[in-house]
Each structure stands twice: as C-alpha cells, then as structure tokens.
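The values are calculated or read from the model by the stated rules, or taken from the named source; none is laboratory data. All of these numbers come straight from a predicted model, not from anything done at the bench. Cβ sites come from the backbone with ideal geometry, for glycine too, and all protein chains shown count toward neighbours.
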C-alpha cells in the first residue's frame, strides 16, 4: 500500500506502538531471523488490521458498489501510469535497458493516446510493465534487505525499503503536485482503489491463514525475492 500520511505522523505512531509492544511481549516462541522486531511488528499489524476493517475496507466496499467496472479500471490505469514514471527512473538507475525502454514507452503511449493513462493502450500493444521503486533499486545495487518491519498505514517493508521511502516520496509524481488539496486527495483515492481490487483476496486470506501475520510476512518475502530476481531467485539464496 502506498503512503497517505505524513512521515512525522507515522514515526510518532511507531514510537508509541514500539513501547506497547516491548512492554507487553518481550519474547517470541518461535523467532524468525528475518523478523527480530516481531513483537513490535505484530502490534502494528494488529493496528493496521483494525484500521482497515473500521475505515479503509468499508470505504473501498462503498467505492466498488457505486462505481462501475470501467470507471474503476480507468482510475487504476491512471495511477499505474503515474507509477510507471517513477519505475522508468529506477529501471534506468538499475541499468536495465529493456525495462527502462518499456517503462518510458508505456508512459509516452498511455499519457498521449491513453488520455493521461486512463486507457492502458501500452498493454494492448504488448509493452510490458516493470514496476520498480528505490528500495528495489538499492536491492539490485547489492544492499541486503535487512529486518522485516511493519509500518502504521504503510504495511510491510524491509529496512532497505524504509531507507528508500524518502526518495520514493520525492520522486513519485503523485506526491509532487503543486495544489495541496489534489496532492492529498490523489494518494487517498489510489489507496481506496487499490483496496477495492483486493477485497475478495483479503477475505480469502483471513479465512485460510491460521496465523495471518506469519502468512503475510512469508508471502511478502517471497514476493520481494521474486521481484528482485525477476521470478528466478537462486535456490541457495538466504535472506540475512
């Protein structure tokens, strides 16, 4: 999930939750080496889950109920196009020529023929999407992921991705719009649209996972490794 709150507010919430976690849960029965802050992370995970069920999920359900499919698809395409701009920059920083040219091509085609990205003409032309942020760029530069960390509102990250977040915030077009109201509204709309896409998937996960926290943590690490290695992670690769 992309950030929708100020970084200072997030760090204040994190500090409070870390105090609660350290006071209430000092040890973990079966610790995971990738997750040394598990008591804190579980506290934040529970907070995010409550916030999602109380606010984000109901709003996303209402949005899905009143908005036709074609309109939601256009909204998603619009935000994907904005994300492709920053992906092009990061693919260039990583020295990935094909991914860079595809990302630039997608932005050019969708921003013009696709009417600012509302229509995903590039996919119809078989121009593949290669999403990338600065955290992934750091990973491909050789920076290890570091420990797992769950942030309030932002969700799961690794320490490497947290280090890249200030750069992402400065680089993503959606956070650099001049008008204050628009700059605030667009990220919120993006989060609601994204949550509406995964309503059914979230319900399945809630019903299937015995320990939702561990399940989502493991799935997150697997997804990140697949992205870093383009779907072919080495078998002997061990996360530090």
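Consider residue 109 carefully, then state whether it is more than 19 Å from the chain's Cα centre (by Cα) and surrounded by 18 or more Cβ atoms within 10 Å (Cβ to Cβ). If you could, list the steps in order and put the result at the bottom.
On the way: more than 19 Å from the chain's Cα centre (by Cα): yes; surrounded by 18 or more Cβ atoms within 10 Å (Cβ to Cβ): yes.
Against the criterion (more than 19 Å from the chain's Cα centre (by Cα) and surrounded by 18 or more Cβ atoms within 10 Å (Cβ to Cβ)), residue 109 qualifies.
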Please state which of the following conditions residue 158 fails to meet, knowing it meets all the rest: (1) surrounded by fewer than 19 Cβ atoms within 10 Å (Cβ to Cβ); (2) in contact with a helix residue (DSSP H, G or I) (Cβ under 9 Å, 6 or more places away or on another chain); (3) closer than 21 Å to residue 40 by Cα; (4) at pLDDT 90 or above. (1)
So residue 139 clears everything in (1) assigned to a helix (DSSP H, G or I); (2) modelled with pLDDT of 95 or more except one condition, right? Which one? (2)
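Taking the condition of being within 27 Å of residue 37 (Cβ to Cβ) and either assigned to a helix (DSSP H, G or I) or modelled with pLDDT of 85 or more (or both), how many residues in the stretch 196-240 meet it?
Counting residues in the stretch 196-240 that are within 27 Å of residue 37 (Cβ to Cβ) and either assigned to a helix (DSSP H, G or I) or modelled with pLDDT of 85 or more (or both) gives 24.
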Here is a list of conditions, (1) in a helix (DSSP H, G or I); (2) under 12 Å from the mean Cα position of the chain (by Cα), and residue 193 meets all of them except one; can you say which number that is? (2)
Of all residues in the stretch 138-153, how many are under 13 Å from residue 93 (Cβ atoms) and either in contact with a strand residue (DSSP E or B) (Cβ under 9 Å, 6 or more places away or on another chain) or crowded, with 20+ Cβ neighbours inside 10 Å (or both)? 2
Is there any pair with a first residue in the stretch 192-221 that is under 15 Å from residue 41 (Cα atoms) and a second that is assigned to a helix (DSSP H, G or I) and at pLDDT 90 or above whose Cβ atoms are under 7 Å apart and which are 6 or more apart or on different chains, and what are they? 213/42; 213/45
Can you find even one residue in the stretch 174-190 that is under 16 Å from the mean Cα position of the chain (by Cα), in a helix (DSSP H, G or I) and closer than 27 Å to residue 33 by Cβ? no
Within the stretch 60-97, work out how many residues are surrounded by fewer than 18 Cβ atoms within 10 Å (Cβ to Cβ), within 22 Å of residue 134 (Cβ to Cβ) and free of Cβ contacts under 8 Å to residues at least 24 places away in the same chain. 3
Helices (runs of 4 or more DSSP H) completely within the stretch 1-110 that count 1 or more residues being touching a helix residue (DSSP H, G or I) at 6+ places or on another chain (Cβ under 7 Å), farther than 23 Å from residue 145 by Cα and modelled with pLDDT under 70: 7-24
